[in-house]
Amino acid sequence: MINAVVFDLDGLIFNTEEVFIHATSEFLQPLGFNYDDQVRRRMMGQQAHVSIQILKDHYGLTRSVTEIRSAIESNFIAVLPEILAVMPGFEELRIHLINNHIPMAVCTSSTSEYAKKLLDEFGYLEEFQFVLGAEEVENGKPAPDCYQLACRRLDLLPEQVMVLEDSENGCRAAVDAGTFAVAVPGSHNQGHNYSGASLVAKTLSDPRIRMALQSFK
């Protein structure tokens, strides 16, 4: 029985992965590099300091992780108001869950402060039981720590929790935590490996998500 749904944030609720790709490309291009799919796939879903270290190592960048992160975040903030949007199907699924009294939570590799700010700007924050940020676990995705903690906070067994994820690293975390993992690939993560997922949906409006919720009632 599915008794709660936990959402990833970036690339799942909001199109912020697309914004990050744009911001990172803007950082790399003056240095003579293209932001290629291989490194992007490895970075996606990771905590910020881990993903920036991957970027630094891949391109042999001499600047510190802190400096690189600061530069990319500046680019991110500059373009965010122009690009930020809700991902397809989220509004529809959100309303369905609220109407059916299914608790919702967010588990993100970003900080909880950042996540809460985005959710609050769209009026969603109060609808979630909690927002679990990267700073609250020792090991980020693909380790299962965040989803294990989410299940404990919900006071539910992992198999009672549906997790919606867009990245390979996030999906692996959800699978290894023992949850009902649903992968929702976007244009930003084609080619990711979602082995172990209970379902690979086309978008958040994919009717199979609702069917899965119904079948476990």
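What follows is calculated from the coordinates using simple rules that are stated; it is not laboratory data. From a predicted model like this one, the values you see are computed outputs, not experimental measurements. Please note: Cβ atoms are built from the backbone with ideal geometry, for glycine as well, and neighbour counts cover all protein chains shown.
Remark: spin-label model distance HIS101-GLN214 equals 2.0 nm, labels positioned 7 Å along the Cα→Cβ axis.
Expressed as a rounded percentage, what relative contact order does the chain have, with Cα pairs under 8 Å and six or more residues apart? Spell out each step's value before the answer.
Working: 358 pairs, mean separation 56.8, N = 217.
It comes to 26 percent, rounded to a whole number.
Where [x] 109; [y] 144; [z] 126 are the candidate values, the label of the one calculated here for volume of the Cα convex hull per residue in Å³ is [x]. Relative to the longest principal axis of the Cα atoms of the chain, the long axis of helix 145-154 makes an angle of roughly 30 degrees.
Sort 111-121, 175-185 for me by packing, meaning the mean count of neighbouring Cβ atoms within 10 Å per residue, highest on top. Don't jump to the answer; show the numbers that get you there.
Details: 111-121: 16.5, 175-185: 22.9.
The packing order, highest mean first, is 175-185, 111-121.
Summarising the overall dimensions of segment 16-83 from its C-alpha atoms, the Rg and Dmax are 11.0, 31 angstrom.
Between the helical axis of 48-59 and the longest alpha-carbon principal axis of the chain there is an angle of about 40 degrees. For a modelled paramagnetic label at ALA85, 7 Å from Cα along Cα-to-Cβ, the residues of segment 1-33 in reach, with backbone nitrogen under 11 Å, are 15. Taking every DSSP helix (H) stretch of at least 4 residues in the chain, weighting each as -39,500 (n - 2.57) and dividing the sum by the residue count yields a mean residue ellipticity at 222 nm of -14000 deg cm²/dmol.
For the pair THR203 and MET1, label points projected 7 Å from Cα toward Cβ lie 3.3 nm apart.
Taking every DSSP bridge with both residues inside the chain, close to 5 percent are antiparallel.
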